[in-house]
Structures are given as C-alpha cells and as structure tokens.
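> The structure follows.
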Amino acid sequence: MNKHFIPCFALAALLLFPYGTGESRVTEQKMSGLNYAMSYPEVILEDNRKAQERINKDLSRVTSGFYKDFKKGKFFEGRFSYKVRFEDDRYLSLTVADYRFQAGAAHGYTMTRGYTYDKTTGRRLPLRHFVKICPSDKRLVLQQPIYNVQDKRVPLNETFATDLAGYRMIKVTDNYCLNAKGNPVLIYPPYELACYAMGTLYIHLSPEMIDYFNRKNQ
C-alpha cells in the first residue's frame, strides 16, 4: 500500500459526523484529490473494541482497495461513498458505492454492495443469516417489489425479465443490506437486473415472504 495511505487514512482531512448516539456510532471520514473523492465509515463500539476492530478491518480492505486501484491507474476518475441503512443494538448495515470512470468510456459505473455486521462479534453476516433463498426461487423473488435509488417502484417489465434470454441472465443475488425496519433488501447494480439507465435496483422482501423462504429452504 502507498506509504501515504494507511487503514486509518491518518493524512486525510477528517470530517466526523456521528450516526447514532451513546456507545455505538459511525463516523464519516473524507479524503480527496485530483480525480477522486472518498467518504468512508469508521465504526466506534465503545464497549466492544474487538468487534470494532474486526468491522473496521473488513471495511478498510474495501476502502483501501478503491484507493490502491486509483493510484495504479486502473480508472480515470472515481468516487467512493457509503450510507448507513440500519442500526440497532445488535446489527449494523451499510451500503458502499464505488463509482469508477474509465478514460474514453461513454459513462462510469457504480458498484453498490451491502455490508451487514453483528456488533457483538464484528463478523460480516451473509444473506442466509436473515433469509434463505435458493436459485430456484428466482421467479418468486422477481415478483417482489422493485425500487430504484429514488425509492420509486419499478415495474418488472422494465427489467431484463421481459424475455427468456434476459430472464436466464438474472441471478438470485447474495448482495444485500437491511432496510430501516431491519428486513433484508436485495441489491442489483446496473446490468444485473436492468439496463444501465435504470441504475441500482433494490428488491424488497416482506416479513411474510422472508418467513416463507426460511421455512421452505431450511
């Protein structure tokens, strides 16, 4: 790693904005330069430093990966940001948006991924911790409400599922975050469920559907 860039990004200009109160919070740290800007999280768990270290180490790999790729010239311009989606006494769920623009390309691309942690252990939790979905459940998954980044409902006929070839291309993703109610939401970046212009899409699962999948696939 570049000697001027360490996991804590100590040489960056830090702006701290607490999310949450008391013994648990997420602070925002920023750094930027010519052709890149980064806003990334640091998790504070005052009563559980071991879990705090594990979470921050995992997130640091993602953040430093973006920065190292930028320094190596793997993309021309980039932005890195995050959003806290859910937090309670046990769980913390965030999404990270990694935008990269290649020189000469028609447009950039944003890869959004979810990161959900157990604050008692610091471990990142897979989708199956909350809901067990099999590839054979794809048709039922696609019947659930789909929303775009503006939180507007997207009809299924505006996705790749309108024809057999497109339907076959769609996969049941394990990329997810928790929504404000603590329910898992499936994340589909551009080209995974619909065309680039549709942006990142989110499939919402109701508690009733989660219960059904977990009974069916136990």
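Read-outs: derived from the displayed coordinates by stated rules, not from any lab. If you're wondering where the values come from, they're calculated on a predicted model, not measured in any experiment. In this analysis, Cβ positions are derived from the backbone assuming ideal geometry, glycine residues included, and neighbour counts consider all displayed protein chains.
> What's the longest bit of the chain with no exposed trypsin sites (Lys or Arg not before Pro), using DSSP loop states and at most 10 other Cβ atoms within 10 Å as the test?
Formally, the longest exposed-site-free interval is 73-151.
> Now a separate question. With a ≥ b ≥ c taken as the square roots of the eigenvalues of the C-alpha gyration tensor of the stretch 158-218, please select rounded if a/c is under 1.5 and otherwise prolate if a/b is larger than b/c or oblate if it is not?
Oblate.
> Gap in Å between the Cα centre of the stretch 31-75 and the Cα centre of the stretch 159-218?
Computed from Cα coordinates, the inter-centre distance equals 27 Å.
> Can you tell me the dipole magnitude for the chain around its Cα centre, using point charges on the Cβ only (Lys, Arg +1; Asp, Glu -1), in Debye to the nearest 20?
The calculation lands at about 600 debye.
> Further, regarding this structure: When a/c reaches 1.5 or more, the comparison of a/b and b/c decides; with that in mind, is the stretch 91-182 rounded, prolate or oblate per its Cα gyration tensor?
oblate
> Let me ask something else. Taking a virtual spin label 7 Å from the Cα of Asp151 along the C-beta vector, which residues in the stretch 162-185 bring their backbone nitrogen under 14 Å of it?
Once the point is set 7 Å along Cα→Cβ of Asp151, 179-182 turn out to lie under 14 Å by backbone N, inside the stretch 162-185.
> Here is a further query. What lysines does Lys152 reach when the alpha-carbon gap must be under 23 Å and sequence neighbours fewer than 8 apart in one chain are set aside?
Within reach: Lys83, Lys138, Lys171, Lys181.
> Enumerate the amide H contacts of Tyr176 below 5 Å, restricted to partners 5 or more residues apart or on another chain; note that Pro and chain-start residues carry no placed amide H.
Distant-sequence amide H within range of Tyr176: Gly114, Ile187.
> Still on this structure: Any chance you could tell me what percent of the C-alpha pair distances in the chain go past 28 Å?
More than 28 Å apart: 35 percent of the Cα pairs in the chain.
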